[in-house]
Amino acid sequence: MLPTFAYIRAQSLDEAVRQLAADGARIHAGGTDLLGCLRDRVFHADKLVSITALPGLRGIATGRDGALRIGALTTVAEVAGNPTVRERYPGLAQAASEVASPQLRNQGTIGGNLCQRPRCWYFRGEFHCLRKGGTTCYALAGENQYHCILGGSRCYIVHPSDTAPTLLALGASVEVAGPKGRRTVSLDEFYVLPSADIQRETVLAQGEVVTHAVVPRPGTGIRSSYRKVRARGSWDFALAGVALALRFDAGRVVDGRVVLSGAAPVPWRSREAESVIVGSRLEPDVCRRAAVAAMASAVPLKRNGYKVPLFTGVIEEELGKLGRA
Amino acid sequence: MASRRPDHPATAQIRLDLNGEQTTVAFAPHKTLLEVLREDLGLTGTKHGCELGECGTCTVLLDGRPVLSCLVLGVACDGAEVRTVEGMADGPRLHPLQETFADLGAAQCGYCTPGFLLASKALLAANARPSRDEIKEALAGNLCRCTGYLKIYEAVELAAAKMRGDEAEPSEETLYGRP
């Protein structure tokens, strides 16, 4: 049973923002993460403000500048199946098609996928952990096989999204509406490490709503991909994943981004790997050196040391594959 | 029952096209579509499983698409078209998927079956000739702990063939095991 709450279906973005500015108000769209959190008492809501009736937040369009604008209410399934996404941003299509299960992709929205809460079983369970305002991270001394190897401090979650690392690799940003007006936030600056604030995963303030994800026009020579490794053949969250968006010229990487999923409390951009590959052809030794560089600062916990060789292998393979694509 | 705060209305009311019938139902606004179907509409064919989005047994078709009814708020379904397992048969005639699931032993304990039937129905509505991999992908969100899935895949393939009007019979091995 869900705890009781009031339910409001906002008729305009202004109304949604106004309603969401109140303490105890929570945003409702696809609901797949929210309802689980409410049911498990991860957090509480006095009032759910549904944004599902707002028509301007749905669908995918290409702007005059060639950028792709994805409404926050667009389902993950719609992103995965969109012809423009498949043709111009194959990494994003791949990532979206590997999110959760078919049912959850039909329900979950891209806005929700970017803003979902962590899946740490202590956070989701009956543990008053640091992220919920307690004094202990139970994962640190506990069952931490699925926790982070990079970027952890005091809290060791991994960010659960597959689309966020891909959008970050593609240089995307999000448009946000809030009580103080509208702003655009690069995904580079959207996610928050536990060292900066242990109780939030994004920079969103109370009342702020992600309305769109904006992906820049892919320049010539851009190739993108997403690779996700799971503990089982069917659907699951990533044990290790890598999103690539690289620009090639005459066989060499000119620039681009390497972003890891399942590695850190935020989608983790590996500048170490990027600095190895930029200017080079993706020959086997370059891919290997980049993969090793990506893991150079990894600090595994007691039970997740397997992630270091797993990431090394996955990054090496994916770079090689994209180099030959 | 805990007392309600005054700003929490006691009931929500929605209209549904439920298995082809216009239906109006009132319920507490924090109920999921699954709870509304089972408790307020008496349609207990849709099963209550993990409540986490992992098992798929609560799958229904919402505006034609498979969704997990345990993660949908009833109040968010106003005006929607909902199909449950109760709406699959045509009067006394079972849906071809129901027939082949029964004939091939694709249902054992049966708890996951309604979810598999509806996910399969959505697949066949979009793709009359799915490959084995496409069936696996479409059913990836549904867990079965009895059958090992093979008979379910074969039942979907056989139903697809029947619905296309192809001559198709289950293999001896599917029906009776390896000699």
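Considering only residues that are more than 14 Å from chain B (Cβ to nearest Cβ) and free of Cβ contacts under 8 Å to residues at least 24 places away in the same chain, look in the stretch A:1-21 and name the one that is nearest to residue A:43 (Cα to Cα). In this case the residue turns out to be A:15. Do the conditions hold for residue B:123, that is, is it in contact with a Pro (Cβ under 9 Å, 6 or more places away or on another chain), surrounded by 14 or more Cβ atoms within 10 Å (Cβ to Cβ) and within 24 Å of residue A:232 (Cβ to Cβ)? When the stated conditions are applied, residue B:123 passes them. Taken over the stretch A:31-48, residues that are more than 9 Å from every other protein chain (Cβ to nearest Cβ), more than 18 Å from residue A:121 (Cβ to Cβ) and surrounded by fewer than 18 Cβ atoms within 10 Å (Cβ to Cβ) amount to 1. For the stretch A:1-30, a tally of residues being part of a loop (DSSP other than H, G, I, E, B), out of contact with any helix residue (DSSP H, G or I) (no Cβ under 7 Å at 6 or more places or on another chain) and either of a type in the set (Val, Ile, Thr) or surrounded by fewer than 17 Cβ atoms within 10 Å (Cβ to Cβ) (or both) returns 8.
The single residue among B:97, B:61 that is in contact (Cβ under 8 Å) with a residue 12 or more places away in the chain and either part of a helix (DSSP H, G or I) or surrounded by fewer than 19 Cβ atoms within 10 Å (Cβ to Cβ) (or both) turns out to be B:97. Of the candidates A:104, A:114, A:54, the single residue that is in contact (Cβ under 8 Å) with a residue 24 or more places away in the chain, within 12 Å of another protein chain (Cβ to nearest Cβ) and under 28 Å from residue B:69 (Cβ atoms) is A:104. Please enumerate the residues belonging to the stretch A:179-224 that are crowded, with 18+ Cβ neighbours inside 10 Å and not hydrophobic (A, V, I, L, M, F, W, C). Selection gives A:191, A:194, A:201, A:202, A:207, A:208, A:211, A:212, A:218, A:223, A:224.
Residues that are over 18 Å from residue B:119 (Cα atoms) and either of a type in the set (Asp, Glu) or surrounded by fewer than 17 Cβ atoms within 10 Å (Cβ to Cβ) (or both) do not occur anywhere in the stretch B:47-57. I need the full set of residues from the stretch A:275-325 which are surrounded by 17 or more Cβ atoms within 10 Å (Cβ to Cβ), hydrophobic (A, V, I, L, M, F, W, C) and assigned to a loop (DSSP other than H, G, I, E, B), in order please. Correct list: A:282, A:295, A:298, A:301.
Residues of the stretch A:60-83 that are surrounded by 14 or more Cβ atoms within 10 Å (Cβ to Cβ) and outside any strand (DSSP E or B): A:67, A:72, A:73, A:74, A:76, A:77, A:78, A:79, A:80, A:81, A:82. Please find, within the stretch B:1-53, the residue that is farthest from residue A:34 (Cα to Cα) out of those that are polar (S, T, N, Q) and at pLDDT below 95. Ranking the qualifying residues of the stretch B:1-53, first place goes to B:3.
The values are calculated or read from the model by the stated rules, or taken from the named source; none is laboratory data. Keep in mind that what you see is a predicted model, and the values were worked out from it rather than measured. Note: ideal-geometry Cβ built from the backbone for every residue, glycine included; neighbour counts use all protein chains shown.
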